Amino acid sequence: MNQIVTYEAPRYKELGFYVDGNYRKFSGGLYSTDDAAEIAVLDVMTDAVRIDTPEEKPAPKAPVARKSSAK
């Protein structure tokens, strides 16, 4: 089973492109596919941004234990 990949076209809501001579088009600024040929074309397009890739976020730091000052 192939993973479905989603792309966004922030500037052009109906961005179109060709894959193997066939016309494809974004709808509402989004395009989802699991086709390897389409993914290869979309990965090199400057107006398409892959949005399904999980961004690596740094792990949250543990809170620093503070000593209470007894006065």
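Can you give the accessible area of Phe26 in Å² (nearest 10), computed on protein heavy atoms with a 1.4 Å probe?
It works out to around 0 Å².
Residues with amide H under 5 Å of Leu30's amide H, sequence separation 5 or more or different chain, H placed in the peptide plane at 1.01 Å from N; which?
So Leu30 has HN proximity to Ala9.
The values are calculated or read from the model by the stated rules, or taken from the named source; none is laboratory data. Keep in mind that what you see is a predicted model, and the values were worked out from it rather than measured. We work out accessible area using only protein heavy atoms, side chains counted, and drop any ligands, DNA or RNA first. Shrake-Rupley method; radii C 1.70, N 1.55, O 1.52, S 1.80 Å.
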